[in-house]
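First the structure, in the form of structure tokens, and then the observations on it.
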Amino acid sequence: MRTSSSRHGRGRRTAVNAVAAIAVMATGAALLTGCGSDGDGAAGGSGEQITLRIGTFGSFGYDNATGAKLYAEYEKAHPNIKIEESNVADGQKYWDTLKLRLSRDSGLADIQALEVGYIAEATGPAMADKWTDLGKTGGADLGAFLDWKVKQATTGDGKVIGLGTDIGPMAICYNKDLFAKAKLPTDRAEVGKLWAGDWAKFIAAGETYKKSAPEGTSFHDSASGLFNAVISSEPVQYANTKGELDYENSPGVKKAWDTAVAATKGELTAKLRQFDEKGTWNAAFKNSKFATVACPSWMTGIIKDQAGPENQGKWDIAAPPVAGNWGGSFLAVPKSGKHAKEAAELAAWLTAPAQHAKVFGVNGNIPSTKDTLISAAVQDAKLPYFGDTPIGKIYSEAAAGITPAPISRWDGQVKTFLTDNGILDIEQRGTDPAKAWENVKKLVDDKIDQ
Amino acid sequence: MATSVRATSGGSPPPAGLRSTLYRLDLKAVPYVFVAPFFLTFAAFGLFPLIYTGWLSLHRVELGGSTQWKGLENYSSLATSEFFWNALANTFTIGVISTVPQLLMALGLAHLLNYKLRGRGFFRVAVLAPYATSIAAATLVFAQLFNTDYGLINTVLGWAGFDPVAWESSKWPAQIAISVIVTWRWTGYNALIYLAAMQAVPQDLYEAAALDGASRWHQFISVTIPSIRPTILFTVIVSTIGATQLFGEPMLFGGSVGISGGSGNQFQTLSLLMYEKGWVTGALGQASAIAWVMLLLLLLIGGIQTLITRSNHKRKKSGS
């Protein structure tokens, strides 16, 4: 362990040296050509060499290795700017660290990505002042974004602290093989009709599936996944219109809870936990243990990776009962950064429609800019793994039906309690739903220090 | 030190008054200088965090936000929180079912290793191997073994005709599984400590006991155990501290729901609850209060153990 880590350290040092050497060479080149950047006005045109750091989680699809190579492109246009991305796989850990750094105003990257689940906390009174107003700085065209996306990142006093990256329109991915064996239609239009308009019909389809289902398979992957899918399609979720946490009286939470409980009672789920670290959920994709999974666009990548090449062509995507949005992110610029202006410009460029299209082409992230959503690049996109499903068409249609719900700063946390400590408890341990609901309420009261 | 001062002062010795002052300084101050680094580091990384945590525990603290005075409210809300009591009870039960078998097995193992075995060196190193394994690696392996759907243990139970055990989602199986990991990791470590103590037991005692016709078992009970009693007490204290702070094993064993100790908090320990409060829900004040309660608990347990030792000593003295 020790040797490998020290070797790692040495490798990093070499990399730092290399970067420094490149930076020196680039400065030299900039001096020779007279001036670094051109009319863009980046870095004030002074040719001063700067490094912009961008902190992300999960996969944003910008990087030069597997993404759309946006950093390389920007660096080429702005020779005085060097971009470094630091990525954390786990979004929750990323946010926890970011909060700590914000409170200390140190260790922050020039650009920080924010997940939609935390955007209300970031725009809230405690943190709103920590961010640059991107409506004023950086020259972003706010009109290009979906209106609700901009609204989510706007503070009470009208500052826009984040620019939209992707959104998470949702569909239902289904296993054609299992559907055929259970005597359900397999054509994606027919499948969509099975449950169009109502989650109750989705449960009904599950009951039909169960009647002639292959041994050892379930209709849906997890009750908590179903909960997420239903609530994502509801206009009122965890917060009231004022953005205050009010999950107890929310019709959306009630509907999602009841649907998930109905699925559990009817034994329609495989009793798994999504993103389970032990890989049980992943293994179930490979072994075709369940027939459907709620499928935001980013889920297609997970299915492809986990089900593997041997299951190519078995999966397809159908329209959801009700359109919903699950996930999506923003880029924000902390005020305390040394290069806030240049960072705002980079953030504006990364989230401009042209770049959205490039990222979609490589990474499948559904753009949050209006024109990109209806562009040919998105509309004509197909996914070979799913039998050339017109993925762009399905997801942009789902995106058009999204009614964004107000969000409170506790949404992410309450959702975890509802799914991991409520639904999962009913599903795996057979706890009585009424008791599980009481448990969730107690958890929220106890653990959220409002 | 004093001699070097004289040597460098260029021949003329310093006046007697100064010399004796330096000498006294050397004698009195220098030891403090030598121990200072530890205490400075302790003050910076031990004492300060402790006091700061205490200060935080009296406030409502939010990462990235402001701090408000709350007085003892964080503590009083712990007293009425069923999650706190649940975590305390879990910490206790997991602690007992991991520490007791662990120490008993370590004693037995040490006794065996104390024999003149062939390849003794190998076995002594081998018992330490689990301790040298990282918690993360060990727990991940055990989590796979205990996997309800695909794990080896349930497969073997299946061969024997038993129903699969829900190792993670049921309370006692989960706590037992975690205890198995803890026991596996620490038994060898404690065994080596016992072994070291056993080797300091004079051989004559055993010979005398053997002459008196005591069996191996009798020797173990009436010679070995009394002779290494202080060591046993030491391992009990260390294991108690370890059990009170149990964190890594349940966290990793629970996988994605590890922090909350399973979907129904069925194996959430105090450390996990503290982590969940502080880092997941951002209630740093309440988390600090839990940290202080844990500290007080340990002091209490330490106090009780000291009392037991003292009464033991007294009994011994009056007995002899």
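The values are calculated or read from the model by the stated rules, or taken from the named source; none is laboratory data. The structure presented is a predicted model; accordingly, all values stated were derived computationally and were not measured. Positions of Cβ are backbone-derived with ideal geometry, glycine not excepted, and every protein chain shown enters the neighbour counts. For accessibility, only protein heavy atoms count, side chains too; no ligands or nucleic acids. Shrake-Rupley method; radii C 1.70, N 1.55, O 1.52, S 1.80 Å.
Please give the FRET efficiency for B:L157 paired with B:K28, using the beta carbon to beta carbon distance and R0 = 60 Å, rounded to the nearest 0.05.
The calculated FRET efficiency here is 0.30.
Can you spot the aspartates and glutamates whose alpha carbon is less than 19 Å from A:K278's alpha carbon? Ignore those fewer than 8 places along the same chain.
Filter leaves A:D90, A:D221, A:D305, A:D420, A:D425, A:E427, B:D149, B:E168, B:E249.
Find, among the trypsin sites (Lys or Arg not before Pro) in the range A:182-262, those assigned to loop by DSSP (not H, G, I, E, B) with at most 14 other beta-carbon atoms within 10 angstrom.
Passing both the DSSP loop test and the Cβ count: A:K183, A:K242.
Find the sum over both chains of the accessible area lost when B and A are paired, probe 1.4 Å, and report it in Å² to the nearest 100.
Protein heavy atoms only, the B-A interface buries about 3100 Å².
Assigning unit charges at the beta carbon (Lys, Arg +1; Asp, Glu -1) and nothing else, what dipole magnitude in debye, to the nearest 20, does the range B:130-233 show about its Cα centre?
160
Please compute the modelled spin-label separation between A:K338 and A:N249, points set 7 Å along Cα→Cβ, answer in nm with one decimal.
Roughly 5.1 nm, to one decimal.
Ignoring everything except DSSP H segments at least 4 long, calculate the 222 nm mean residue ellipticity for the protein assembly as shown; use -39,500 (n - 2.57) per segment, divide by total residues, nearest 500.
-17000 deg cm²/dmol
Tell me the relative contact order for the range A:271-357 as a rounded percent, counting alpha carbon contacts under 8 Å between residues six or more apart.
In percent, rounded to a whole number, it is 18.
In the range B:259-283, which residues give up 30 Å² or more of accessible area once the other protein chains are added, compared with their chain alone (1.4 Å probe)?
Going by heavy-atom accessible area, the residues of the range B:259-283 that drop by at least 30 Å² are B:S263, B:E276, B:K277, B:W279, B:V280, B:T281.
Near the amide H of A:Y62, under 5 Å away, which other amide H atoms are found, from residues 5 or more places off or on another chain, if H is placed in the peptide plane?
Counting only residues 5 or more places away or on other chains, the set is A:A68.
Count neighbours as other Cβ atoms within 10 Å of each site's Cβ, and list the trypsin sites (Lys or Arg not before Pro) in the range A:257-361 that are DSSP loop with at most 11 such neighbours.
Answer by residue number: A:K338.
Given a 1.4 angstrom probe, what's the average accessible area per residue across the range A:109-181, in square angstrom?
On a per-residue basis, 32 Å².
So for the pair B:E73, A:D141, with labels modelled 7 Å out along Cα→Cβ, what separation do we get in nm?
A separation of 5.0 nm, rounded to one decimal place.
Which residue, chosen from B:A138, A:A344, B:P31, occupies the Cα position most advanced towards the positive end of the dipole of the protein assembly as shown, where the dipole is computed from +1 (Lys, Arg) and -1 (Asp, Glu) charges on Cβ about the Cα centre?
B:P31
Short version: which residues of the range A:428-450 lose at least 50 Å² of accessible area, all chains versus chain alone, 1.4 Å probe?
Those are A:R429, A:D446, A:K447, A:D449, which lose 50 Å² or more relative to the chain on its own.
Among A:N325, A:N311, A:N64, determine the one that fluctuates most according to a GNM of chain A built with springs between C-alpha atoms less than 10 Å apart.
A:N64
Using a 1.4 Å probe on the protein heavy atoms, what percent of the accessible area of the protein assembly as shown belongs to carbon and sulfur?
Its accessible area is 62 percent carbon and sulfur atoms.
Between A:K211 and A:A376, how high is the FRET efficiency from 1/(1 + (r/R0)^6) when r is the Cβ-Cβ distance and R₀ = 41 Å? Nearest 0.05.
Efficiency computed from Cβ-Cβ geometry: 0.45.
At 7 Å along Cα-to-Cβ for each site, give me the label-to-label distance between B:K171 and B:A16 in nm.
A separation of 8.1 nm, rounded to one decimal place.
Could you tell me which of the pairs A:K289/A:K442; A:K151/A:K255; A:K254/A:K335; A:K76/A:K130 are separated by over 32 angstrom between their Cα atoms in the structure shown?
Exceeds cut-off: A:K289/A:K442; A:K254/A:K335.
Between the range B:52-89 and the range B:207-244, what is the separation of their alpha carbon centroids in Å?
After rounding, the separation between the Cα centres reads 43 Å.
Pick from B:T155, B:T53, B:T139: which residue has the top mean-square fluctuation in a GNM of chain B where Cα pairs under 10 Å get a spring?
Comparing B:T155, B:T53, B:T139 in a Gaussian network model of chain B, the most mobile one is B:T155.
When Lys and Arg each count +1 and Asp and Glu each count -1, what net charge do the other residues less than 13 Å away from A:D316, Cβ to Cβ, add up to?
+1
Once R0 is set to 51 Å, what does the formula 1/(1 + (r/R0)^6) return for the Cβ-Cβ distance between B:D204 and A:A283, expressed as a FRET efficiency to the nearest 0.05?
Computed FRET efficiency for B:D204 and A:A283 comes out at 0.25.
With unit charges on the beta carbon (Lys/Arg positive, Asp/Glu negative), name the residue among B:Y150, B:A43, B:A89 whose Cα is farthest towards the positive pole of the charge dipole of the protein assembly as shown.
Sorting the options by dipole projection puts first B:A43.
May I ask you to derive the relative contact order of the range A:183-245, considering only C-alpha pairs under 8 Å and at least 6 residues apart, and to give it as an integer percent?
20
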